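The structure under discussion appears below in the form of structure tokens.
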Protein chains: 2
Amino acid sequence: MLATDPLDGIAVFAAVVEAESFSGAARRLKYSKGAVSTQIQRLEDRLGVRLLNRTTRKLSLTDEGRAFYAHSRRILDEAREAMDALDALDAEPRGVLRVNAPMSFGVLHLGAAIAEFMQAHPAIEVELDLNDRRVDLIEDGYDMAIRIARLPDSSLIARRLAPCRRVVVASPNYWDRHGRPQHPNDLKDHDVMTYAYLDDPGTWTFKGPDGRISVPVKGRLRANNGEVLLDAAKRGIGVDMAPTFFCCDALINGELEIALADFEDDPISVYAVYPHRRHLTTRVRAFVDFLAARFGEDPYWDAWAGSSN
Amino acid sequence: MLATDPLDGIAVFAAVVEAESFSGAARRLKYSKGAVSTQIQRLEDRLGVRLLNRTTRKLSLTDEGRAFYAHSRRILDEAREAMDALDALDAEPRGVLRVNAPMSFGVLHLGAAIAEFMQAHPAIEVELDLNDRRVDLIEDGYDMAIRIARLPDSSLIARRLAPCRRVVVASPNYWDRHGRPQHPNDLKDHDVMTYAYLDDPGTWTFKGPDGRISVPVKGRLRANNGEVLLDAAKRGIGVDMAPTFFCCDALINGELEIALADFEDDPISVYAVYPHRRHLTTRVRAFVDFLAARFGEDPYWDAWAGSSN
DNA sequence: CTCCATTGTTCAAAATAATGAACAATATAT
DNA sequence: ATATATTGTTCATTATTTTGAACAATGGAG
């Protein structure tokens, strides 16, 4: 590109500001450090202004740089929207769909779904990132994410894909040895395993005939990984509260058995969430529609229960 | 620039759309045709979409191209604002000031003004385009223009720089031969020269003790150039209505003599006009301020009249 | 219909930009 | 204090882009 292009160097400059470093920007853009350096110098020459104060170890924006960055950010956002607008014109989804999802749900239910979706749409490529950390959709460049929560994140567009029932389970052997609780309060005599990612891991909530019940629970195993807890439950270590999408197989084959079914709390939800943009790309819309149809209000993983609720 | 820059090719694409031609865009950008061609191809490849239908002789936008152009235009406008924002931060005006002005006013009064302005501001470069055609400020890339009119163009920001009085003049010799008119109606017996750029060249307006008077005028010389008319008036060909900034020298040295002074209409105005942008560059602000101070409500070219009005 | 000027594309040669290792500078850890 | 790792810049080499002329395609003028 000729040096007279008014957009030249803006993307590199914004990357430097956001990475707060030339080297960081180079890594993010897959450039060389040298190229970033000359790119910024050229931009500064063209504008006749110093944008960045750089001492070998510390980087800071000048006043001019701060003003120019605000515009640069807007320019790049507009460019992203321009591409989204094109994607939104496609009848058939195309391109790369970048999805973030919780590890357990992804492994158990997204794999098959994605395979089927890709078969239906040959021009789609998928990049699936399974991760239980809370990611920043926009910052990290995802098109969308699957979130399991009580209420959707209001800063994002959310589409409910399925209910997520959670049930109290232990192995039949465990129940035989310790007795089957008839009321949530009976859990005080049990060894209850807790999941560290919850807001309040030490409290379980139920819904009885007289309304919601909260009971404190405790036990010998606390983990931030559902699979570990479920595995321990199967081995008779204790009682687990698990989403049905997660324990349905074990329920069917008898490794686990539900207790306190009459006290099951209202389900939380599986959501698809994506940033609020002017244009929703065809690939995101198509995938979300596909998942909503595939899971739905009566998801296949709750089939063991006979019918819904 | 690496091919992953999301802004790559956008400026070239917009230029092609606006020039409605690859060759035209190449000329405007001072590129080669070939470079424009590859640039557009690369952009289309990157977006995976055809933006332009091109048959050797005719160019048209696809639906995708139209959508993408709207965004491209916004991106480039934002880039221009980014540069203006930097200029607006300067205390001292810098860079190139592109000015459009009417030929006659420019030659007589802008030359000296610009010279003085440049002396006061060493970092300023000026590109002066004298032209009596109506130019499109934004389209043609001017920072500002000087306009002489009754009312400012409301689509632009206008700053009144000076009044522009217009007086009826002829050579003393002419007046001696044909008699000095005492009332606008007397002009019907005179050979009146008319200026083709006016809305209604065949009607002159005056303001008498009883309000505004319009009289039809006609004569043997009609021209679209004020200098030709003024020259003819000096040679005794007929009567001219001329702006005082234009005929002041001839009035002082006696080549021309005013008639109907008591019927002089309200002055029109000399305006500085510039596009409405978020940031006014320091160079435009400084130049407009400078001109307003230099000309003002009592411009030096009306000094022959003693005092104002 | 036949020129004719001009369009967009193509391709070898020339100009420009990116790479990647070497370098001096500087915070942090020991 | 000293060592260390990482920063931003520089420079010769490599890779990419631009140029400019040749070319086929096309719409208008006579």
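The values are calculated or read from the model by the stated rules, or taken from the named source; none is laboratory data. This is a predicted model, so every value here is computed, not measured. Please note: Cβ atoms are built from the backbone with ideal geometry, for glycine as well, and neighbour counts cover all protein chains shown. Heavy atoms of the whole protein, side chains included, go into the accessibility calculation; ligands, DNA and RNA do not. Shrake-Rupley method; radii C 1.70, N 1.55, O 1.52, S 1.80 Å.
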message = With a 1.4 Å probe and all protein chains kept in place, how much accessible area does A:Thr203 have, in Å² rounded to the nearest 10?
response = 50
request  = Sort B:Ser72, B:Ser214, B:Ser154, B:Ser104 from largest to smallest accessible area, using a 1.4 Å probe on the heavy atoms of the protein chains.
outcome  = B:Ser154, B:Ser214, B:Ser104, B:Ser72
message = Tell me the carbon and sulfur percent of the accessible area for the protein assembly as shown, rounded to whole percent, probe radius 1.4 Å.
response = 49
note = Order by accessible surface, 1.4 Å probe, largest leading, for residues A:Leu151, A:Leu97 comes to A:Leu151, A:Leu97
key: Nearest-first distances (nm) between copies at A:Gly111, label 7 Å from Cα via Cβ   = 8.5
request  = Report, to the nearest 10°, how far helix A:63-89 tilts away from the longest principal axis of the Cα atoms in chain A, using its own Cα long axis and a range of 0 to 90°.
outcome  = 60
Accessible area, probe 1.4 Å, largest first, for residues B:Glu20, B:Glu227 = B:Glu20, B:Glu227
task = Every other copy gets compared here: list the nm distances from the B:Gly296 label point (7 Å along Cα to Cβ) to its counterparts, shortest first, one decimal.
result = 8.4
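Rounded to the nearest 500, what is chain A's calculated 222 nm mean residue ellipticity when only DSSP H runs of at least 4 contribute -39500 (n - 2.57) each, over all residues? Working shown, then result.
Values: 9 runs with 108 residues, N = 309.
That comes out to -11000 deg cm²/dmol.
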task = Would you tell me the accessible area of B:Trp301, worked out with a 1.4 angstrom probe on the heavy atoms of the protein chains, in Å² to the nearest 10?
result = 10
remark   = Counting every C-alpha pair in the protein assembly as shown, the percent lying more than 48 Å apart is 45
inquiry  = How high is the relative contact order of region A:174-307? Use alpha-carbon pairs under 8 Å, at least six apart in sequence, and give a whole percent.
reply    = 25
query = Put +1 on the Cβ of every Lys and Arg and -1 on every Asp and Glu Cβ in the protein assembly as shown; which of A:Val36, A:Ala162, A:Ala79 then has its Cα farthest towards the positive end of the dipole?
reply = A:Val36
task = Compute the FRET efficiency between B:Ala113 and B:Glu92 as 1/(1 + (r/R0)^6), taking r as their Cβ-Cβ distance and R0 = 25 Å, and round to the nearest 0.05.
result = 0.85
remark   = Amide H contacts under 5 Å for A:Glu264, restricted to residues at least 5 apart in sequence or on another chain and with H modeled in the peptide plane, are A:Lys207
ask   = Taking a probe of 1.4 Å, how large is the accessible area per residue of the protein assembly as shown, in Å²?
value = 50
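Once you keep just the Cα pairs under 8 angstrom separated by 6 or more residues, what percentage relative contact order results for chain B?
It rounds to 22 percent for chain B.
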ask   = On a 0 to 90 degree scale, rounded to 10, what angle separates helix B:10-19 from the longest Cα axis of chain B?
value = 50
note = Placing each pseudo-label 7 Å from Cα in the direction of the beta carbon, A:Asn253 and B:Arg177 end up separated by a distance in nanometres of 11.9
ask   = If you take the charge dipole of chain B about its Cα centre, with +1 on Lys and Arg Cβ and -1 on Asp and Glu Cβ, which of B:Leu7, B:Val217, B:Gly95 is farthest toward its positive end?
value = B:Leu7
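Based on alpha-carbon atoms only, what is the radius of gyration of chain B relative to the globular estimate 2.2 N^0.38 Å? Numbers along the way, then the final one.
Working: Rg = 25.3 Å, N = 309, 2.2 N^0.38 = 19.4 Å.
In units of the 2.2 N^0.38 Å rule of thumb, it is 1.30.
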note = At q = 0.11, 0.14 1/Å the base-10 log of I(q)/I(0) from the Debye formula over the alpha-carbon atoms of region A:209-296 is -0.51, -0.74
query = How big is the gap, in Å, between the Cα center of region A:1-61 and the Cα center of region A:126-164?
reply = 32
key: Inverse mean reciprocal Cα-Cα distance (Kirkwood Rh) of region A:1-142, Å   = 17.8
request  = Enumerate the amide H contacts of A:Asp129 below 5 Å, restricted to partners 5 or more residues apart or on another chain; note that Pro and chain-start residues carry no placed amide H.
outcome  = A:Val99, A:Asn100, A:Ala101
ask   = What percent antiparallel are the DSSP beta bridges of chain B, to the nearest 5?
value = 70
query = How far is it, in nm, from the label point at B:Asp262 to the one at A:Ala293 when both lie 7 Å from their Cα along the line to the Cβ?
reply = 9.1
task = List the residues whose amide H sits under 5 Å from the amide H of B:Val270, counting only those 5 or more places along or on another chain, with H placed 1.01 Å from N in the peptide plane.
result = B:Leu161, B:Ala162, B:Cys164
ask   = Using +1 on the beta carbon of Lys and Arg, -1 on that of Asp and Glu, and nothing else charged, what's the dipole of region B:222-302 about the Cα centre, debye to 20?
value = 800
message = In whole Hz and in residue order, list the ³J(HN,Hα) couplings for region A:226-235 that follow from phi through the Karplus curve 6.51 cos²θ - 1.76 cosθ + 1.60, θ = phi - 60°; x for Gly and Pro.
response = x, 5, 4, 4, 5, 4, 5, 4, 4, 7
remark   = For the protein assembly as shown, the dipole about the Cα centre with charges only on Cβ (Lys and Arg +1, Asp and Glu -1), to the nearest 20 debye, works out at 900
key: Shielding by partners, peptide A:66-79 (average Cβ within 10 angstrom, other chains)   = 5
key: In Å², nearest 10: area of A:Tyr142 left accessible to a 1.4 Å probe   = 20
query = If you place +1 on the Cβ of every Lys and Arg and -1 on the Cβ of every Asp and Glu, how big does the dipole about the Cα centre of chain B come out, in debye to the nearest 20?
reply = 1060
message = Which three numbers, in whole Å and largest first, are the semi-axes of the equivalent ellipsoid of region B:166-263 derived from its Cα gyration tensor as √(5λ)?
response = 18, 16, 13
key: Restraint check, A:Lys207/A:Lys234; A:Lys33/B:Lys58; A:Lys58/B:Lys33; A:Lys33/B:Lys30, Cα-Cα greater than 32 Å   = A:Lys33/B:Lys58; A:Lys58/B:Lys33
